[in-house]
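For reference, the structure is listed below as structure tokens.
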Amino acid sequence: MKLAMIGFGQAGGKIVDRFLDYDDRTNSGIVRAAIAVNTAKADLIGLDRIPQENRVLIGQARVKGHGVGADNELGAEVAEEDIDEIQNAIDSIPTHEVDAFLVVAGMGGGTGSGGAPVLAKHLKRIYTIPVYGLGVLPGTDEGGIYTLNAARSFQTFVREVDNLLVFDNDSWRSAGESVEGGYDQINEEIVRRFGVLFGAGEVQAGQEVAESVVDSSEIINTLSGGGVSTVGYASEEVELNNTGGLLSRFTGGSSSPSGTDLDAANTTNRITSLVRKAALGRLTLPCEIDGAERALLVLSGPSNHLNRKGIERGRKWLEEETGSMEVRGGDYPRPVPEVSASILLSGVTNVPRIKRLQQVAIEAQDNMDDIQAESEENLEELVEEDADDLEPLF
């Protein structure tokens, strides 16, 4: 799948930067064009791979290149005012070669949280290709203002995109990690999961073609209908034996003398187990998978470790677990030392994390209103107490 990626804000820019790095490492060719948009000049300077001409600084008249200070209302206003500057960069994208736009943003800050929904609305008005969002939720320990920003951004962003893919930082931060190290690890996890998914079906010259091809239309159909999506992922290593053939824990250590025909029954069972791990393990957005409207299963790895029966059995299991009749599946042969299962669950509705986020945000908003009212009262008392005989200057 060929994507035009636009990173909005600090988190969005860093994730798109990491996608470009993933493309180089894996030769997957996912990112057809990459743009970063920000109100903070320092954040744009800190990017490594996005071309200089595709780094767009907005809001200079309002915030002088210093960011919006976690004010996502201001972030939205600035994006509206400077949408033409963003469009100038987008004009250089060969949209006839692109399958979809992906607008990437952290939803807890100011610039991406406020600006990404504005940009998504603009793109949907102008272009006919799908516009997807990739939104990153802040951790619950990041503070009330970030939770409130995320809740407001989420309910706006999900309405303005064709589908909102969500990654929840709260589920992925490890105890004792530095902030920078934690975010690096999270960004790598985001790129790995979405990279395998979006890379499926892209065949370079000399590469093997899948038995059951997953191409961009399969992904687009799974994401059609809107709503919220989450991705599950699981992998097992494949090791080289002494003769150079593939012999792995994944196949239970059995292979033919030629090293090409693996135990089909064992491989099928292991694929099914991997699919269960991917669906029931850590999702990018934790949720109950029953009730998902649509799903897509992609098995990737060396072609002799993938078989149609295993993929079909995994797809049937997903149908039973989700209750959906729209479960697509296929394989993605890759010359890598692992077999992995990626599962895209689209149209999920049983998401406790989103409900909690909204409850905490409402409480935070009420508290902020109370604090503001109390602050105004206290200031009035401070200024007026014992000052009845004083007259103000004007």
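Please work out if residue 83 is surrounded by fewer than 20 Cβ atoms within 10 Å (Cβ to Cβ), at pLDDT 95 or above and in contact with a His (Cβ under 7 Å, 6 or more places away or on another chain).
Answer is yes for this residue.
Of the conditions (1) under 21 Å from residue 5 (Cβ atoms); (2) in contact (Cβ under 8 Å) with a residue 24 or more places away in the chain; (3) not in a loop (DSSP other than H, G, I, E, B), residue 47 clears all except one; give me its number.
Of (1) under 21 Å from residue 5 (Cβ atoms); (2) in contact (Cβ under 8 Å) with a residue 24 or more places away in the chain; (3) not in a loop (DSSP other than H, G, I, E, B), only one is false for residue 47: (3).
Please go through segment 121-148 and pick out each residue that is at pLDDT 95 or above and over 15 Å from the mean Cα position of the chain (by Cα).
Scanning segment 121-148 gives 121, 122, 123, 124, 125, 126, 127, 128, 129, 130.
Test of understanding: among 16, 37, which residue is within 22 Å of the chain's Cα centre (by Cα), crowded, with 22+ Cβ neighbours inside 10 Å and closer than 22 Å to residue 198 by Cα? Show your work before the answer.
Details: 37 fails: closer than 22 Å to residue 198 by Cα.
Sole residue among the options that is within 22 Å of the chain's Cα centre (by Cα), crowded, with 22+ Cβ neighbours inside 10 Å and closer than 22 Å to residue 198 by Cα: 16.
Could you give every pair whose Cβ atoms fall below 9 Å, whose first residue belongs to segment 17-32 and is over 16 Å from residue 100 (Cα atoms), and whose second residue is assigned to a loop (DSSP other than H, G, I, E, B) and of a type in the set (A, V, I, L, M), counting only separations of at least 6 or pairs across chains?
Close Cβ pairs (under 9 Å, with a partner that is assigned to a loop (DSSP other than H, G, I, E, B) and of a type in the set (A, V, I, L, M)) amount to 17/47; 17/50; 20/50; 22/30; 23/30; 26/336.
May I ask you to say which residue of 280, 299, 285 is at pLDDT 90 or above and over 23 Å from residue 349 (Cβ atoms)?
On inspection, the qualifying residue turns out to be 299.
Give just the number: which of (1) in contact with a strand residue (DSSP E or B) (Cβ under 8 Å, 6 or more places away or on another chain); (2) open to solvent by 20 Å² or more (accessible area, probe 1.4 Å); (3) in a helix (DSSP H, G or I); (4) not charged (D, E, K, R) does residue 76 not satisfy?
(1)
Between a first residue in segment 150-164 that is in contact (Cβ under 8 Å) with a residue 24 or more places away in the chain and under 11 Å from residue 228 (Cβ atoms) and a second residue that is open to solvent by 10 Å² or more (accessible area, probe 1.4 Å) and part of a helix (DSSP H, G or I), which pairs have beta carbons less than 6 Å apart while being 6 or more apart in sequence or on different chains?
164/158
Name the residues in segment 165-174 that are free of Cβ contacts under 8 Å to residues at least 12 places away in the same chain and among the charged types (D, E, K, R), would you?
none
The rows are residues; the columns are (1) modelled with pLDDT of 95 or more; (2) not in a helix (DSSP H, G or I).
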site	(1), (2)
209	no, yes
222	yes, no
232	yes, yes
253	no, yes
260	no, yes
266	no, no
269	no, no
276	yes, no
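Checking residue 146 against (1) open to solvent by 30 Å² or more (accessible area, probe 1.4 Å); (2) touching a residue at least 60 places away in the same chain (Cβ under 8 Å); (3) closer than 28 Å to residue 224 by Cβ, only one condition comes out false. Which one?
With (1) open to solvent by 30 Å² or more (accessible area, probe 1.4 Å); (2) touching a residue at least 60 places away in the same chain (Cβ under 8 Å); (3) closer than 28 Å to residue 224 by Cβ applied to residue 146, the lone miss is (3).
The values are calculated or read from the model by the stated rules, or taken from the named source; none is laboratory data. All values derive from a computational prediction rather than experimental measurement. In this analysis, Cβ positions are derived from the backbone assuming ideal geometry, glycine residues included, and neighbour counts consider all displayed protein chains. What goes into the accessible areas is simple: the full protein's heavy atoms, side chains included, and nothing from ligands, DNA or RNA. Shrake-Rupley method; radii C 1.70, N 1.55, O 1.52, S 1.80 Å.
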